[in-house]
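Let me begin by presenting the structure, written as structure tokens, before commenting on it.
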Amino acid sequence: MFPSSRGSIRSNVVGLISLSYEERAKSLGIKIPEPATPVGAYVLAVQGGTLVFTAGQRPMKGGVPAFKGKVGQDLNVEDAYEAAKLAALNCLAAAKSVLGTIDRVERVIKVNGYVNSAPGFTDQPKVMNGASDLLVQIFGEKGRHARTSVGVNELPMDITVEVELILACKP
């Protein structure tokens, strides 16, 4: 019906499909932060062959915990969801520190999440959806992954969540 509209829509769709992961994140208003400084005797991420394993990352902004406390007591699920998103972003920063760019990621393989949970809190999967949803936003279908969501009674610095990733990457 409107040939000129269809052509421009098609070119816009094609343009979106060809965005790199870093460009896609930026277009969504998602900024991958600078990598954290390890607080112990470990490195942020390790590449073994085509896999990258990140150390557990926290919901930190500017070196300070942005979310602290137990979910179901000090924070609600919605706040903890945001904490998981931030921790996942910090995982991507860790991966980028060894890869140079997240554009080398071929697929998100596995997400492990540890949720600082109040007694009786059992919605850890809803919290970890924050990390999962962010990864799918950035990587599309290649961001879908296997996942573990575990409730724990304490995390370092009383942080709300800790997230780690396993990524398949281009050499």
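For this structure, a couple of remarks:
- Matching entry among Tyr114, Tyr42 (being farther than 23 Å from Cys169 by Cα and among the hydroxyl-bearing types (Ser, Thr, Tyr)): Tyr114
- Among the residues of the stretch 42-59, those that are surrounded by fewer than 15 Cβ atoms within 10 Å (Cβ to Cβ) and either in contact with a His (Cβ under 7 Å, 6 or more places away or on another chain) or part of a strand (DSSP E or B) (or both) comprise Val46, Gly48, Leu51.
- Breaking point among (1) part of a helix (DSSP H, G or I); (2) over 22 Å from Thr50 (Cβ atoms); (3) touching a Gly at 6+ places or on another chain (Cβ under 8 Å), for Pro125: (3)
- Residues in the stretch 135-153 that are of a type outside the set (Ser, Thr, Tyr), crowded, with 18+ Cβ neighbours inside 10 Å and free of Cβ contacts under 8 Å to residues at least 40 places away in the same chain: Gly143, His145, Gly151.
- As a summary of the residue check, Phe139 satisfies the conditions (1) in a helix (DSSP H, G or I); (2) under 21 Å from Pro38 (Cα atoms); (3) under 11 Å from the mean Cα position of the chain (by Cα) except for the one numbered (2).
- Of all residues making up the stretch 19-41, the number that are farther than 14 Å from Asn90 by Cβ, touching a residue at least 12 places away in the same chain (Cβ under 8 Å) and in a loop (DSSP other than H, G, I, E, B): 2
- So Pro156, is it surrounded by fewer than 16 Cβ atoms within 10 Å (Cβ to Cβ) and either aliphatic (A, V, I, L, M) or within 18 Å of Val43 (Cα to Cα) (or both): yes
- Of all residues in the stretch 76-98, exactly one satisfies the criterion of being among the polar types (S, T, N, Q), in a helix (DSSP H, G or I) and more than 10 Å from Glu164 (Cα to Cα), namely Ser97.
- Complete set of residues in the stretch 142-167 that are in a strand (DSSP E or B) and of a type in the set (Lys, Arg): Arg147
- In the set (1) surrounded by fewer than 20 Cβ atoms within 10 Å (Cβ to Cβ); (2) of a type in the set (A, V, I, L, M); (3) within 15 Å of the chain's Cα centre (by Cα), Val163 fails one condition alone, (1).
- Evaluated against (1) on the phi > 0 side of the Ramachandran plot; (2) touching a strand residue (DSSP E or B) at 6+ places or on another chain (Cβ under 6 Å), Gly63 falls short on exactly one condition, (2).
The numbers here are math on the coordinates, done by the rules we state, and not lab data. This is a predicted model, so every value here is computed, not measured. Here the Cβ is made from the backbone with ideal geometry for all residues, glycine too, and neighbour counts use every protein chain on show.
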